[in-house]
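Rule-based calculations on the coordinates, nothing more; no lab input. Keep in mind the model is a prediction, meaning the values are calculated, not measured. We place every Cβ from the backbone using ideal geometry, glycine too, and count neighbours over all the protein chains shown.
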Ligand SMILES: Nc1ncnc2c1ncn2[C@@H]1O[C@H](COP(=O)(O)OP(=O)(O)OP(=O)(O)O)[C@@H](O)[C@H]1O
Ligand SMILES: [Mg+2]
């Protein structure tokens with residue numbers, strides 16, 4: 001388990017000022033979870049991940065990993081504790097003069113392990129990440145996805161309990177990203193390894209994380225199980241990251257018509273979200289029939305999150321205001337999350 005308690009991180013800024021990269025961050029990451037941290041560029045994600053293993057010491061606050069308060073350890077004990085925390089990077093950080101095998105072996109050599117023991121540790125790791133056949137190649141002779149597999153195997157060599165990943169798939173194409181995320185999920189399950197995934201892509205969160213925290217300007221603005229956050233995002237930054245802001249999805253002419261109808265007050269803009277079996281229930285047509293409304297579907301998408309179907313729809317509901325309110329109440333009874341959006345920007 002990782003606990004981030006009241007963490008502030010301030011750096012010297014321009015003109016003798018200060019940059020507050022993290023402001024009172026509090027998070028608890030249970031053992032064995034894949035925990036996502038998402039935010040826009042400059043939100044403080046890399047600062048947070050560097051603070052987690054004390055590459056950068058927090059200005060205030062504590063980091064507790066598996067019951068040990070890293071922020072109060074001596075430098076010797078900290079070095080020891082860091083062996084339990086592996087890390088992978090966007091640009092892999094491999095040594096170009098060493099083979100795949102030798103890159104993975106490096107942390108073990110540095111720890112003074114003997115050749116035979118190193119062999120015993122490295123070969124199963126190469127097997128785990130699917131690189132047995134490439135073990136004698138150099139980084140320049142393998143693909144980006146394979147390089148990240150080397151990075152993962154190297155991070156696992158010292159048998160960490162926690163793996164920190166800072167944008168580990170950002171340099172990869174979507175298909176390779178998917179394969180790497182599947183591998184991380186497999187490792188998480190097989191080794192009960194806690195993984196902290198830093199990313200700016202909701203796709204990554206959707207595919208692999210159990211829980212997510214949204215960081216904005218150094219603050220945690222939203223946190224919860226991934227499905228809940230997708231179903232009902234509370235913070236504007238989360239909505240923007242979800243790409244679910246209706247205004248972004250609507251063609252300009254349609255948007256103008258929606259704005260006009262909302263201004264006249266004879267229509268209601270609703271966002272409906274469904275999960276599980278709700279997705280394939282004919283709930284919309286039933287609503288239209290029951291309440292004699294006219295529903296214009298403006299935008300819709302269906303996804304899968306952790307094996308659960310999840311859908312969201314933006315609809316413009318025309319008709320009597322009382323009936324719209326009744327329809328909203330009825331939809332909620334059917335397990336649909338309904339929000340009325342007052343405007344499109
Ligand atoms: N060593 C430093 N000295 C001064 N300011 C810093 C330092 N490190 C980070 N910052 C500032 O802290 C803020 C957060 O930076 P950080 O790198 O954590 O963002 P990020 O969320 O990782 O962004 P990106 O998605 O672009 O990687 C930024 O305003 C950055 O300029
Ligand atoms: Mg960063």
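Segment 185-204 to segment 7-24: how many Å between their Cα centroids? So the separation of the two Cα centres works out to 29 Å. For segment 252-341, relative contact order (Cα pairs under 8 Å, six or more residues apart, normalised by length) works out to 40 percent. Relative contact order of segment 105-197, please, whole-number percent, based on alpha carbon pairs below 8 angstrom and at least 6 residues apart. 29 percent.
Remark: C-alpha extents of segment 42-88 on the principal axes read 32, 26, 17 Å, sorted largest to smallest. Shown for 132, 169, 176: other C-beta atoms within 10 Å of each C-beta, ranked fewest to most, produce the order 132, 176, 169. In terms of other Cβ atoms within 10 Å, 89, 274 run from fewest to most in the order 89, 274. The long axis of helix 174-191 is offset from the longest Cα principal axis of the chain by roughly 70 degrees.
So for segment 162-253: antiparallel DSSP bridges make up what percent, rounded to the nearest 5? Bridges in segment 162-253 that DSSP calls antiparallel: roughly 55 percent. Only Cα pairs under 8 Å and 6+ residues apart enter the sum, and on that basis the relative contact order of segment 167-273 stands at 15 percent.
The long axis of helix 321-333 is offset from the longest Cα principal axis of the chain by roughly 40 degrees.
With bins 5 Å wide beginning at 0, the percent of Cα pairs of segment 2-242 falling in each bin runs 1, 6, 14, 17, 18, 16, 13, 8, 4, 1, 0, 0. Roughly how many nanometres apart are two label points built 7 Å out from the Cα toward the Cβ at residue 84 and residue 40? Distance between the two pseudo-spin positions: 3.7 nm. Taking the longest Cα principal axis of the chain as reference, the axis of helix 115-129 is set at about 20 degrees.
Counting only DSSP beta bridges with both residues in the chain, what percent are antiparallel, rounded to the nearest 5? Of all bridge pairs located within the chain, approximately 70 percent are antiparallel.
In segment 1-120, Rg over Rh equals 1.03, where Rg is the alpha-carbon radius of gyration and Rh the Kirkwood radius from pairwise Cα distances.
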